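The block underneath contains the structure these notes are about, expressed in structure tokens.
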Amino acid sequence: MQFSRILRVSASILAGVVILIAGSFGMARLAAAGEVLGSVTVMGTQVGGMTEAEMVLALTELDDRLATTPVDFVLDGNPVTLDPRQIGFAIPIPEVVSEAMRLGRTGDIPEQFRWWMAKLGQTVELPIESTFDAASMEAVLALWDVEVVGDPPFEGGVSVEGTSPVAQYPRAGRRIDRNNAPSLISAAIADDSDQAVALPVLASFPTLTPAAIDNAVATARLWLSAPITLEAANRNASIVFTPADLATALRSEPANGSMRLYFDVDEVGRTLDASRSDLELPPIDAVLEVSGNEVRIVPGKVGTLIDAERTAAALEAVAGTSVRVGVLPFQEGAEPAITTESLEALGIKHLISQFTTYHDCCQNRVTNIHLFADAVTGAIVPAGETFELNDHVGERTVERGFLEDGTIIQGELVRTVGGGVSQFATTFYNAVFWGGLEDISHRPHSFYFSRYPEGIEATISWPLPRLEFRNDYPTALLIVTEYTDTSITVKFFGDNDGRIVVGEQRGGRTELTVVAEGGANARVVSSSVSGRFAPTEPRTEIRAAEEPIEVDEQRVVQKPAAGWSVKVTRTIVQNGVEKIDEWTVRYLAKREIIEVHPCMVPDSEITCPTTTTTSTTIPTTTTSQP
């Protein structure tokens, strides 16, 4: 009897424990609705308990930090440093967020319960594979092969001294292991460690033999043995290629187990240039001419040209013979590079969207904006194709005329070459936005700047972040830029059934004007930006001054500003069909940065001087904005 009572009590206790655990499970799920379950980290960053929006923000900050932090490696005993942006390093944020939100939510309730029990008190590190651009990675490795390893394999070749061919025999060498180095580099960036990773270098051997080079040299001697004359049929004219001309154009390359000889088309073209004006009638390109809000086509004209590629082939055909006379190939009725028909097929008719932003004059950033605009104006984006600003403009360098100005890096405004062009990016993005074009990739500024439309703006830097759209109109687009000392304008021309929208950001407000309503098939774009929510307050960072400073002085490097979020909604209506896109833009709080004497940094182990001298107050450091 007593035993039965013990069993009943034990069963009651067990049932109570089960109910308690089940209740805890249910309460935990209810409390974590819409959040990452449990304790989860991504590359050491805690994301457990975050919402999707909070996780995107955290991973974006992590991605910015990793992508802008140089990483050290050891290559063949030599130290090398890589800027992750050189290989397009990125965290696949959408995929990581999706996977984190799935943890503990897959399967039926019992399976989810078992996951919850198994992970109680544990931290789950979510494994991810960061991404990089394969072509950029190969370019870096190839450069290191030459500049650091310094012993690349050589397949051999044929060089020329004067007009005499000279054998360049194959030799073995060493190169970076392409099978393992890319993954080691990507992992080292993601690991965020100060430990330099050694990259493997392997022996590499040529495929050609010295005999193959000797055969090529014998052939080259015949090719350069005497002049070659190409005659213009029915024109009573000819062009003579001397042995020196032929030697200048002679090239060699490995091909199918042998060394192939050929004449370089560009060098052949340079020899032809001396006779072109007497023998050719160049074609004239058709052009798109913008007149106000309309676009018209100025027709092109055909011409007669000497074909440099066919000329090189003609030289190769007779170079190994004793005749050494051939036909100079003309391209009669040569079409211009841009024909009237090709421009008509683009379907570009009128202005679709235009946007203007304003800025102060006479700053370095204005020069950068103008260079950027010059590189973009006249670009044509075919129907269905994408356009990315960085790919089109290329790296901003001093050699190209770009100057230093403000760029946001890891939450701080610093000066970099090409800084400040985000003003162009925002102007460009608004033309994309109000033109109803498909947004492929854009990133708002980390901080809010009132001269840009709140929420509807974008930043750009080299090589990241990117700004890309797809032309999802059935016709092509023409991009035209205009600027003054205090403004930048981006115009998109195409065919939106006659609808024209012109906008500008002035005085902290976006002003839009519908110049023409357009027909029934026009895309009508409208948008709303929510009130600010989820405010955050800035923090203060006190750090040692880089320049000399007195103990009782402070230098304000960056002033603070609050952060917040807004929700952007864009609606596109066409033929009665409505398409709505929504996203949240998070502006970070801009931390206050104060520089002080090293002894005044919190927890500093440096002893302050016992006496100080009073000097002129150091002014607040100012940095131009992006």
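The values are calculated or read from the model by the stated rules, or taken from the named source; none is laboratory data. Quantities reported herein were computed from a predicted structural model and do not represent experimental measurements. Reconstructed Cβ throughout: ideal geometry from the backbone, glycine too, with neighbour counts over all protein chains shown. Just the protein is used for accessible areas: all its heavy atoms, side chains included, with ligands, DNA and RNA removed. Shrake-Rupley method; radii C 1.70, N 1.55, O 1.52, S 1.80 Å.
Every residue in region 298-328 that is surrounded by fewer than 18 Cβ atoms within 10 Å (Cβ to Cβ) and within 45 Å of the chain's Cα centre (by Cα), please.
Within region 298-328, Val298, Pro299, Lys301, Val302, Gly303, Thr304, Asp307, Glu309, Arg310, Ala313, Glu316, Ala317 qualify.
Which numbered condition trips up Arg174, out of (1) open to solvent by 40 Å² or more (accessible area, probe 1.4 Å); (2) under 30 Å from Gly326 (Cβ atoms); (3) in contact with a helix residue (DSSP H, G or I) (Cβ under 7 Å, 6 or more places away or on another chain)?
All conditions pass for Arg174, except number (2).
Which is within 27 Å of the chain's Cα centre (by Cα) and touching a residue at least 12 places away in the same chain (Cβ under 8 Å), of Val529, Val556, Val490?
Val490
Answer yes or no as to whether Ala286 is closer than 30 Å to Val502 by Cα and buried (at least 16 other Cβ atoms within 10 Å of the Cβ). Give the derivation first.
Details: closer than 30 Å to Val502 by Cα: yes; buried (at least 16 other Cβ atoms within 10 Å of the Cβ): yes.
It is true that Ala286 is closer than 30 Å to Val502 by Cα and buried (at least 16 other Cβ atoms within 10 Å of the Cβ).
Report every pair of residues separated by at least 6 positions or lying on different chains whose Cβ atoms are under 9 Å apart, first residue within region 84-112 and in contact (Cβ under 8 Å) with a residue 60 or more places away in the chain, second among the aromatic types (Phe, Trp, Tyr) and assigned to a loop (DSSP other than H, G, I, E, B).
Pro84/Phe132; Arg85/Trp462; Ile87/Phe132; Gly88/Phe132; Phe89/Phe132; Ala90/Phe132
In region 165-202, which residue that is in contact (Cβ under 8 Å) with a residue 40 or more places away in the chain and of a type in the set (Ser, Thr, Tyr) is farthest from Met259 (Cα to Cα)?
Ser186
Looking only at region 70-100, count how many residues are of a type in the set (A, V, I, L, M, F, W, C), part of a helix (DSSP H, G or I) and surrounded by fewer than 20 Cβ atoms within 10 Å (Cβ to Cβ).
The qualifying residues number 1.
How many residues does region 37-64 contain that are open to solvent by 30 Å² or more (accessible area, probe 1.4 Å) and assigned to a loop (DSSP other than H, G, I, E, B)?
5
All but one of (1) open to solvent by less than 30 Å² (accessible area, probe 1.4 Å); (2) among the hydrophobic types (A, V, I, L, M, F, W, C); (3) within 30 Å of Leu343 (Cα to Cα); (4) within 22 Å of the chain's Cα centre (by Cα) hold for Ile460, so report the exception by its number.
Here Ile460 clears every test but (3).
Within region 363-376, how many residues are more than 23 Å from Pro453 (Cα to Cα) and either out of contact with any Gly (no Cβ under 9 Å at 6 or more places or on another chain) or touching a residue at least 60 places away in the same chain (Cβ under 8 Å) (or both)?
The number of residues fulfilling the criteria is 1.
Tell me which residues, restricted to region 343-362, are open to solvent by 50 Å² or more (accessible area, probe 1.4 Å) and either farther than 23 Å from Asn430 by Cα or free of Cβ contacts under 8 Å to residues at least 60 places away in the same chain (or both).
Glu344, Ala345, Cys362
Condition check: farther than 30 Å from Thr219 by Cα and open to solvent by less than 50 Å² (accessible area, probe 1.4 Å). Does Ala134 satisfy that?
No, not satisfied.
Can you name the condition, by its number, that Thr426 falls short on among (1) within 18 Å of the chain's Cα centre (by Cα); (2) β-branched (Val, Ile, Thr); (3) not in a helix (DSSP H, G or I)?
With (1) within 18 Å of the chain's Cα centre (by Cα); (2) β-branched (Val, Ile, Thr); (3) not in a helix (DSSP H, G or I) applied to Thr426, the lone miss is (3).
Output the residues belonging to region 568-589 that are outside any strand (DSSP E or B) and either within 28 Å of the chain's Cα centre (by Cα) or surrounded by 14 or more Cβ atoms within 10 Å (Cβ to Cβ) (or both).
Across region 568-589, the qualifying residues are Leu588, Ala589.
Taking the condition farther than 20 Å from Leu37 by Cα, touching a residue at least 12 places away in the same chain (Cβ under 8 Å) and open to solvent by less than 30 Å² (accessible area, probe 1.4 Å), does Ala67 pass?
For Ala67, the condition - farther than 20 Å from Leu37 by Cα, touching a residue at least 12 places away in the same chain (Cβ under 8 Å) and open to solvent by less than 30 Å² (accessible area, probe 1.4 Å) - is met.
Just checking, which of Glu395, Glu399 is at pLDDT 85 or above, open to solvent by 40 Å² or more (accessible area, probe 1.4 Å) and either outside any helix (DSSP H, G or I) or on the phi > 0 side of the Ramachandran plot (or both)?
Working: Glu399 fails: either outside any helix (DSSP H, G or I) or on the phi > 0 side of the Ramachandran plot (or both).
The conditions single out Glu395.
Here is a yes/no grid of residues against (1) farther than 30 Å from Val268 by Cβ; (2) crowded, with 17+ Cβ neighbours inside 10 Å; (3) in contact with a Leu (Cβ under 7 Å, 6 or more places away or on another chain); (4) modelled with pLDDT under 90:
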position: Gly157; (1), (2), (3), (4): no, yes, no, no
position: Asp191; (1), (2), (3), (4): yes, no, no, yes
position: Leu199; (1), (2), (3), (4): yes, yes, yes, no
position: Ala216; (1), (2), (3), (4): no, yes, yes, no
position: Asn236; (1), (2), (3), (4): no, no, no, yes
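Scan region 466-487 for residues that are assigned to a loop (DSSP other than H, G, I, E, B) and either aromatic (Phe, Trp, Tyr) or open to solvent by 20 Å² or more (accessible area, probe 1.4 Å) (or both) and jot them down.
Arg466, Asp472, Tyr473, Pro474, Thr475, Asp485, Thr486
Regarding Tyr429, is this residue free of Cβ contacts under 8 Å to residues at least 60 places away in the same chain and closer than 26 Å to Arg586 by Cβ?
Yes.
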